[in-house]
Structure formats: C-alpha cells, structure tokens
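A.B. asks: Provided herewith is a single structure, encoded as structure tokens, for subsequent inquiry.
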Amino acid sequence: MQKFIITMLGEKDHGKSTLIGNLLISTGSTTEARIAEVKKASGSKRFEPAHILDSFSEEREQEMTIDTTRAELVYKNAILELIDVPGHLELIKNMMSGASNSDIAILMVSVKKDEGFRPQTKRHIFLSSMFGVKALVVAINKMDFVNYDKSIFEKTKEDISKYLQSINFKKPVAFVPISAYDNQNLISKSKKIPWYTGKPLIDTVRYFAEVYSKNTSSKKGLRIFVQDSVDINGDTTIFGLLYNGKVRTNETIRVEPDKLTGKIEKLYVKGKKVSYANEGTNVAIVLHKDMKIEKGSVIYGNNEKPHKTGSFSAKIFMIKNFNTKSARKFTIKISNNNIAIKKIKINRIFSPISAVNVVYDSFAIVPANNVAYAEISLAKPYPVEKYADYSELGRFAIYENENFVGVGIIE
C-alpha cells in the first residue's frame, strides 16, 4: 500500500485539527470506542472531532522530537499521513529535520469573519514553497458560517491566487470549499455546495499526492555524509549516511573538502560485510590505504565535485532580527556540522507578508520574519549542494553565537 505524507498549513483555529478528526472518523481510521470516549467526555457540549487527535498525540508522544501532531488514515488503497504544525517555527523545525519528507500540503483558510487569509498563513505558504513543496491543496473552510456563498469562496480564492503569483509560486494548486466541522465536501460531494464541480477534498488530496509526490528528482551521483572515523582492529573505519546513490567495494571515491581520493576495500551495513549499499543506508567503509578523514566530510564519486565549497548564494528566512555587522559569532549548521561564517553580504530583503522587496538604508539588519537573499563566505572550505538537487546538503540553520536566528537554503 502506498504511503503519502501531507503537511497541514494554516493559522491556529482555522480548522486543521477538526478536519483531521473528521477525516479519521469518515474513513474508519479511528475506533468506535475512541469516538464514543470523545463524545462522553464532551458531555452536554457539542462533539469536537478535533479531540480524536488527542489519542494520536499520546501514542506518538515518545517518538516525536518536534511540536507536531501526526495522524494516519487509509483511503482508496493508500495511507495518508497528515502532519499538523501549529506555527511557522514548528514548520521550520519539521522541514529542517526532514521529518515530513512531504511534497504535498493542505492549506487551511477560514472564511469566518475576523479570520480569513492572514500573515501567518502567508508565512506558511512562503516557507513551504522555499522548502520545495510540489503542489498545494487549499481547503477554504468554515463555508457554513457564510451560508456556502460562492462569491465569498471566489473572493478568497482570488486573494490567495494573487499572493501565490506575487511570490512566484508556479506549482499546481487546487481550491476546495469545505466545512470541516459539518463534514461537508470532505469525503463526498456536498449538496450544500451545488455550484462546486470539482472533487471532494480527500479525492483531490489523494490525486495530488499520487501525481506530484516524489515523482521528479534532480539528485544524481554518490553522496555520503561522514559521521565518524575510528580505528577498529587496525583499520580506519569511516561511518556515514548514504544520502544518495549506490556505493560498491573497489570503487574509487573522493572526499571533500580535503580533495582526498581512495578505493573502498571493505563495506559494511549493520555489521555485515557487503559488496554494495543503496541510498538511505548507514554504512561503514574501510579504504585500501589509511587516510585521515574528518567528521562532517562528504564523500563523492571520484569524478564528482560539490556545487560549491567555501562560499555560496542562499535564501534565508530570519526568525529574529539579524545584524550582519554584529561583533557576535555567526555559524551555520549543515547535517549537524557547525561551520563558522566569515562574511554575509545581503543583496536584497523580501517580505513574505507584503510580497515585496523591503527597502532599507542599509542591508546590515534583516528584521525578523523577512527573507534575505545573500552571499555567504565560510571561515573554512566546506562542500555544499543546491537545495533543489540534494535537500539534505542544501539546507542549513544559522546561529548568532548559540542562538538560532534563521534557516536557509543554498541556491
């Protein structure tokens, strides 16, 4: 059975948890006992489908390292894992950790008075676009509060479409009117929305997931991130994660940034000697000749080179005010490897809220929640890749002293 991971975007209280709860109920992905338990707990108050999620949160509490809620539902011979992130900081952590590996997102936007298309929603869209989401399903929610008025749906759709155009979002987008609480247009077409001719929400998401999830990739070649190098029984053994490609014994490899080359004599996976290993595997490598390979180095095929070494262009979303001329120490972290920054040159600053370039007398300071397009020079050579080619080696966190101040991708 195929599994698709879907990231949930949008403001708090716009109905993400309610939507997930009703989808779990409608697809039979939660138990009758759990539903009865939630109804009993509600007492005289109205039943809240969002509370179905409580059990999922408890079940996953021990394994989650970031503040998200995950729930799985089964629909049309596929597993849809929905990941709800409560704010843009959690979204950043989720995408930086690779915890979602999601190419598809559902954006929840409420049409209820005083809710609507808000700044947090815009930040969510921009960040998901920055981190490579391939397609977006916009669930225009709480249509019951506006009597399923088509003109309000169309106006909201127009506002969101204009914003997507302003940030150059050129990926597939679908707009679906729903009422998450009243279960309208979620699993089956709603008679209350006769003017809507498209598919219900879950069919739209299922279609987008199958068509746009992981079906294209510009990754190529061998990439191994070196996690450690130790002496075992007289052999220098290199431990690493095989991010991409396949590695074999007797293959000549190149190690960056030190430009070392060597031939693989022995290869181990889970302690067993093997002749080859595939992408996503933790490997142990012994070379024909001893050489000092530092933790944090990257292994390539012999004829391959990194995109950049030492300096690169980047797009950085700042979560705090950032002063490039501060006397404090700046570092970036790529794949848990800390590298000092020598210099940052800001070329322009973009506001995800107003969707325009921000003009300042000096580009020395980048205000929080803005995006800096910059040139970064590192204090020492380090190999990096374009995020579009190798996401694991093309995304980074940026720190001022030890304080997390932003997140970026290499362009």
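A.B. asks: Under 19 Å Cα-Cα from Lys345, which lysines qualify once same-chain neighbours fewer than 8 residues away are excluded?
C.D. replies: Result set, ordered by chain and number: Lys308, Lys315, Lys320, Lys325, Lys329, Lys333, Lys380, Lys386.
A.B. asks: If you rank Leu24, Leu19 by fewest surrounding Cβ atoms within 10 Å, what's the result?
C.D. replies: Ordered by Cβ neighbours within 10 Å, fewest first: Leu24, Leu19.
A.B. asks: Also, quick follow-up: Just want the ordering: Thr69, Thr197, Thr261, from fewest to most Cβ atoms lying within 10 Å of their own Cβ.
C.D. replies: Values: Thr69 20, Thr197 7, Thr261 14.
Starting with the residue having the fewest Cβ neighbours, the order is Thr197, Thr261, Thr69.
A.B. asks: Okay, next question. Across the stretch 301-308, in residue order, what do the Karplus-derived ³J(HN,Hα) couplings come to in whole Hz, using 6.51 cos²θ - 1.76 cosθ + 1.60 with θ = phi - 60° and x for Gly and Pro?
C.D. replies: 3J(HN,Hα) across the stretch 301-308, in whole Hz: x, 4, 9, 10, 9, x, 4, 9.
A.B. asks: With just the Cα atoms of the stretch 266-389, tell me how far they stretch along each of the three principal axes, in Å, largest first.
C.D. replies: 60, 29, 26
A.B. asks: Could you give me the ³J(HN,Hα) list for the stretch 127-133, computed from phi with Karplus coefficients 6.51, -1.76, 1.60 and θ = phi - 60°, whole Hz, x at Gly and Pro?
C.D. replies: 5, 5, 5, 4, 8, x, 4
A.B. asks: Distances longer than 21 Å among the Cα atoms of the stretch 223-301: what percent of all pairs is that?
C.D. replies: 12 percent
A.B. asks: Here's something else I'd like to know. Can you return the lysines within cross-link range of Lys162? Criterion is Cα-Cα under 17 Å, with same-chain partners fewer than 8 residues away left out.
C.D. replies: Cα-Cα hits under 17 Å: Lys122, Lys170, Lys171.
A.B. asks: So, one more: Please arrange Phe396, Phe312 by how many other C-beta atoms lie within 10 Å of their C-beta, fewest to most.
C.D. replies: By the 10 Å Cβ count, ascending: Phe312, Phe396.
A.B. asks: Quick one: Cα centre-to-centre distance for the stretch 127-175 and the stretch 367-411, in angstrom?
C.D. replies: Computed from Cα coordinates, the inter-centre distance equals 29 Å.
A.B. asks: OK, next. Translational diffusion coefficient of the stretch 127-271 at 37 °C, 0.692 mPa s, Stokes-Einstein with Kirkwood Rh over Cα pairs, in µm²/s as a whole number.
C.D. replies: Reported coefficient: 165 µm²/s.
A.B. asks: Follow-up question, since we're still on this one. By the scheme Lys and Arg +1, Asp and Glu -1, what is the net charge of all other residues having a beta-carbon under 14 Å from that of Val283?
C.D. replies: Net charge around Val283: +3.
A.B. asks: For every other residue with a beta carbon closer than 15 angstrom to the beta carbon of Asp114, add +1 if it is Lys or Arg and -1 if Asp or Glu, then tell me the sum.
C.D. replies: Within the 15 Å Cβ shell, the charges total +2.
A.B. asks: Let me make sure I get this right: for the stretch 135-219, a, b and c are the square roots of the gyration tensor eigenvalues over alpha carbons, sorted descending. Under 1.5 in a/c it's rounded, otherwise prolate if a/b > b/c, else oblate. Which is it? Spell out each step's value before the answer.
C.D. replies: On the way: a/c = 2.92, a/b = 1.46, b/c = 2.00.
Taking the square roots of the gyration eigenvalues as a ≥ b ≥ c, the stretch 135-219 is oblate.
Bear in mind that the values in this text are calculations on the coordinates, not laboratory data. All values reported here derive from a predicted model rather than from experimental measurement. FYI the Cβ positions are ideal-geometry reconstructions off the backbone, even for glycines, and counts take in every protein chain you see.
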